[in-house]
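Mind looking over this structure? Questions follow.
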Amino acid sequence: MSNFKNTEKIKTIAYLGTSGSFTEMAKDYFCEKYNLNGYQMPFRTISEIIAYVENDQDAVGVIPVENAKEGIIRETNDNLIKSSNEHIKVLSEAILPANNCLLSKNSEIYNISGLIAPAPAIARCQQYVKNELPMHLNIIHTSDTEEAARLLNSYNLTYAIIGTEKTAEIYNLNILNPNINNDKDNQTKFIMIGDFETEPTEHSTSSIAISLLDVPGTLYNIVKEFAEHNINITYIHATPSKLDSNEYILFLDFDGHIKEEPIKSAMENIKKHTKYFRFMGSYERI
């Protein structure tokens, strides 16, 4: 199992979302994997989590970074590269299914005549709602899933909500149907960030964010550094920079750990070809 140093110093685990969110499930995954026992603190936005972790060296944060269907989560990457604390980095990642479920106090699905849910959740499960629930379903819109779960107590047993397995656990609800998403294979990648040191493993991955010097052959020279050091690039993504409106930021993932000599040497050489260079972390790839 991978590990990072001084986990006993972690006093707070900050995570995104209301009660029962997918990020809370990712937080539970990391806590179990690394035996984290710090105070668990939910936040409403990714930027709030990153700002909190920036200013508390005893905290880690759990945030989504990419969804299989919707792509890169810009708020995560934009705030990480703008972070004033260069010691904040990715410590671990987890790829978890983004499965919505039909939940109710009732135990029989044929009794359901009403649905309490936020509009985005209904949209993600539109095919199921249209094809499997009653034609004249009474729909009550809420701002989020937590509000729906709380509101359910005010209605009779014929009402259901859309939520996660974690929602069912927290509010003691029955899962009438699991995985009711339109996209059955949807997954979300989550990362845990903080100011801690990781150790190399057999499956270590490293990430950097860079912007290139405006010189012919710059990208070639960077790729050449990876090739000459026998480092396998596993992922490249370009996105408009929030640091400069005329620039793009390249995000690269590659095999290996920053404490390994080929990686250290390659990174020093790559810096010479960049306007901006940010080491994003070395961590175990799931």
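In the stretch 223-284, which strands (runs of 3 or more DSSP E) lie fully inside it and hold 3 or more residues that are in contact with a strand residue (DSSP E or B) (Cβ under 6 Å, 6 or more places away or on another chain) and of a type in the set (A, V, I, L, M)? Steps first, answer last, please.
Details: elements: 233-240, 248-255, 274-284.
Qualifying strands (runs of 3 or more DSSP E): 233-240, 248-255.
Could you please give the count of residues in the stretch 28-48 that are without any contact (Cβ under 8 Å) to a residue 60 or more places away in the chain and either touching a Leu at 6+ places or on another chain (Cβ under 9 Å) or polar (S, T, N, Q) (or both)?
Final tally of qualifying residues: 11.
Could you list, in sequence order, the residues of the stretch 1-60 that are farther than 23 Å from S204 by Cβ, surrounded by 15 or more Cβ atoms within 10 Å (Cβ to Cβ) and hydroxyl-bearing (S, T, Y)?
The answer is T12, Y15, T18, S19, S21, T23, S47, Y52.
Per-residue answers, yes or no, for (1) out of contact with any Lys or Arg (no Cβ under 9 Å at 6 or more places or on another chain); (2) among the hydroxyl-bearing types (S, T, Y):
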site: I10; (1), (2): yes, no
site: M25; (1), (2): no, no
site: C31; (1), (2): yes, no
site: Y34; (1), (2): yes, yes
site: E70; (1), (2): yes, no
site: H87; (1), (2): yes, no
site: L102; (1), (2): yes, no
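So, one more: Looking at this structure, is F196 free of Cβ contacts under 8 Å to residues at least 60 places away in the same chain and aromatic (F, W, Y)?
On the way: free of Cβ contacts under 8 Å to residues at least 60 places away in the same chain: no; aromatic (F, W, Y): yes.
No, not satisfied.
If you don't mind, another one. With the requirement that a residue be among the small types (G, A, S) and outside any loop (DSSP other than H, G, I, E, B), what does the stretch 109-149 give you?
In the first step, residues of the stretch 109-149 are kept if they are among the small types (G, A, S); the result is 113-114, 117, 119, 121, 123, 143, 148-149.
Result: G114, A117, A119, A121, A123, A148, A149.
Any residue that is under 30 Å from N131 (Cα atoms) and out of contact with any Ser or Thr (no Cβ under 8 Å at 6 or more places or on another chain) - is there at least one of those in the stretch 52-70?
Quick first cut of the stretch 52-70, residues under 30 Å from N131 (Cα atoms) only: 66-70.
Keeping just the survivors that are out of contact with any Ser or Thr (no Cβ under 8 Å at 6 or more places or on another chain) gives 69-70.
The answer is yes, given that some residue of the stretch 52-70 is under 30 Å from N131 (Cα atoms) and out of contact with any Ser or Thr (no Cβ under 8 Å at 6 or more places or on another chain).
Of all the residues that make up the stretch 233-263, how many are within 27 Å of the chain's Cα centre (by Cα) and either of a type in the set (A, V, I, L, M, F, W, C) or exposed (fewer than 14 other Cβ atoms within 10 Å of the Cβ) (or both)?
17
Kindly establish whether I88 is touching a helix residue (DSSP H, G or I) at 6+ places or on another chain (Cβ under 8 Å), more than 21 Å from S21 (Cα to Cα) and either in the same structural domain as A160 (by TED's automatic domain parsing) or touching a residue at least 40 places away in the same chain (Cβ under 8 Å) (or both). Let's see the steps before the verdict.
On the way: touching a helix residue (DSSP H, G or I) at 6+ places or on another chain (Cβ under 8 Å): yes; more than 21 Å from S21 (Cα to Cα): yes; either in the same structural domain as A160 (by TED's automatic domain parsing) or touching a residue at least 40 places away in the same chain (Cβ under 8 Å) (or both): yes.
Considered against the rule, which asks whether it is touching a helix residue (DSSP H, G or I) at 6+ places or on another chain (Cβ under 8 Å), more than 21 Å from S21 (Cα to Cα) and either in the same structural domain as A160 (by TED's automatic domain parsing) or touching a residue at least 40 places away in the same chain (Cβ under 8 Å) (or both), I88 comes out as yes.
Kindly establish whether N67 is closer than 29 Å to D183 by Cα, in contact with a strand residue (DSSP E or B) (Cβ under 6 Å, 6 or more places away or on another chain) and surrounded by fewer than 17 Cβ atoms within 10 Å (Cβ to Cβ).
Details: closer than 29 Å to D183 by Cα: yes; in contact with a strand residue (DSSP E or B) (Cβ under 6 Å, 6 or more places away or on another chain): yes; surrounded by fewer than 17 Cβ atoms within 10 Å (Cβ to Cβ): yes.
So N67 fits the description; yes.
Tell me which of these Y171 doesn't satisfy, since it passes every other one: (1) farther than 25 Å from R285 by Cβ; (2) surrounded by fewer than 18 Cβ atoms within 10 Å (Cβ to Cβ).
Result: Y171 passes all but (2).
Enumerate the pairs (first residue in the stretch 150-169 and among the acidic types (D, E); second residue anywhere and surrounded by fewer than 22 Cβ atoms within 10 Å (Cβ to Cβ)) with beta-carbon separation below 9 Å, excluding pairs fewer than 6 apart on the same chain, so at least 6 apart or on different chains.
Filtered contacts from the stretch 150-169: E165/N99; E165/I175; E165/P178.
The values are calculated or read from the model by the stated rules, or taken from the named source; none is laboratory data. This structure is a prediction, so every number in the text was calculated from the model and none was measured. Ideal geometry is used to build each Cβ from the backbone, glycine not excepted, and the neighbour counts take in all protein chains shown.
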